[in-house]
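Colleague: Have a look at the structure that comes next, please.
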Amino acid sequence: MKKQKVIVFLPAYNEEQSIGEVIRRIPRSFHPCVDVKVLVIDDGSIDHTVAAAREAGADYIYQMPENRGLGAAVRQGLRECLRLGADIGVMIDADNEYPAEQIPELLAPIFAGEADYTMGSRFLGTIRGMKWHRRLGNYLFTFLQSLLLRQWIYDGQSGMRAFSRQAMEHAEIIHDYNYAQVLTLNLVRKGFRVKEVPIRYQVRTTGQSFIKFRAYVTAVLPAIWKEMRRPVKKVVIDEDAHRLPNIAEKQCS
């Protein structure tokens, strides 16, 4: 069978100290039928993020003309994955808080035909060191998502996610500041199957998160309200689009 092209994209804003390590930790050869490329979405950084990404081996770099926000960067990342011919897109934060080496585990449910959209769950894995206010905010927003979707979610704010091509084609992010809640609400309401995968979390040791709790609450709650009021159409999903053979069964061209 033809190889599946997986593009791992990293939204990045002033992450020169950590982005190189994240890129180097991304597994490139874990299945003979999978070809992995790395894409960086630079969200108007004013440091050496782009140079560090190139030095670490990024295959593609897209530079936003100005800082627009994480939601805008993720939206552009999905667009670029489609433009570059990705069969599957994987998003991971550039701050080194998420385990890039667990990307194959994140992809496994999509390759098995069990999911179209996966999220790395810190709360099913490990959350040691997460600050109490971030943990509380995550609990509250995740509980709200679960209520709205009538489906239990453990980590609605995860910065590590994977998307089938259909999920990328239909994903809509209506807010530039952040993407986490509205994206999941949008995809699940359209019928895409979501699955969470336990991951190991580590506290960032460099840089500073640009997500501030007060701004997060005042920006994201209206976006959730707007998303839930929007009509959406169910998508006819090809559940076997990315199913991979067992490594021992078949080689790929």
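Colleague: How big is the accessible area of Tyr154 in square angstrom, nearest 10, if you roll a 1.4 angstrom probe over the protein chains?
Modeller: Taking all protein chains as shown, Tyr154 has close to 100 Å².
Colleague: Also, I was wondering about something else. Going by Cβ distance under 4.7 Å, what cysteines of the chain have no possible disulfide partner?
Modeller: Result for the chain is Cys81, no neighbouring Cys Cβ within the cutoff.
Colleague: A follow-up question, please. Between the alpha-carbon centers of the range 118-184 and the range 47-85, tell me the distance in whole angstrom.
Modeller: 21
Colleague: Now for a separate question. Over the Cα atoms of the chain, what Rg and Dmax result, in angstrom?
Modeller: Both quantities, over Cα of the chain: 17.2, 52 Å.
Colleague: Only four residue types carry charge here, +1 at the Cβ of Lys and Arg and -1 at the Cβ of Asp and Glu. Report the dipole size of the chain about the Cα centre in Debye, rounded to the nearest 20.
Modeller: Dipole magnitude for the chain comes out near 760 debye.
Colleague: For the range 99-188, how big is Rg over Rh, using alpha carbon atoms and the Kirkwood form of Rh?
Modeller: With Rg and the Kirkwood Rh in hand, the quotient comes to 0.95.
Colleague: Report the antiparallel proportion of the DSSP beta bridges in the chain as a percent, rounded to a multiple of 5.
Modeller: Percent antiparallel among DSSP bridges in the chain is about 25.
Colleague: Separate question: Leaving ligands and nucleic acids out of the surface, order Phe30, Phe141 by accessible area at 1.4 Å, largest first.
Modeller: Highest to lowest solvent-accessible surface, that is Phe30, Phe141.
Colleague: In a Gaussian network model over the chain where Cα atoms closer than 10 Å are linked, find which of Arg122, Arg243, Arg230 has the largest mean-square fluctuation.
Modeller: Arg230
Colleague: Subtracting the Cα-Cα distance from 0.36 nm times the residue separation, let me have the gained length for Glu169 to Arg28 in nm, one decimal.
Modeller: Net length gain for the segment: 48.3 nm.
Colleague: Moving on to the next point. With just the Cα atoms of the range 1-120, tell me how far they stretch along each of the three principal axes, in Å, largest first.
Modeller: 42, 24, 24
Colleague: Related question: On a full-extension model of 0.36 nm per residue, what is the gain between Ala112 and Ile237, subtracting their alpha-carbon distance, rounded to one decimal in nm?
Modeller: Extra length from Ala112 to Ile237 when fully extended: 43.5 nm.
Colleague: A further question on this structure: Once you have the Cα-Cα distance between Gln202 and Trp225, take 0.36 nm times their residue separation minus that, and quote the gain in nm to one decimal.
Modeller: Value of the extension gain: 5.1 nm.
Colleague: Still on this model: Can you list the trypsin sites (Lys or Arg not before Pro) in the range 1-108 that are in a DSSP coil and have 16 or fewer other beta carbons within 10 angstrom?
Modeller: Answer by residue number: Lys2, Lys3, Arg28, Arg68.
Colleague: Going down the table (Lys5/Lys226; Lys3/Lys233; Lys2/Lys226; Lys37/Lys195; Lys195/Lys234), which pairs top 29 Å between alpha carbons?
Modeller: Exceeds cut-off: Lys5/Lys226; Lys3/Lys233; Lys2/Lys226.
The values are calculated or read from the model by the stated rules, or taken from the named source; none is laboratory data. Predicted model only: the values in this text are computed from it and were never measured. No Cβ is skipped: glycine too gets one built from the backbone with ideal geometry, and neighbour counts run over all protein chains shown. Side chains included, ligands, DNA and RNA excluded: accessible areas come from the protein's heavy atoms. Shrake-Rupley method; radii C 1.70, N 1.55, O 1.52, S 1.80 Å.
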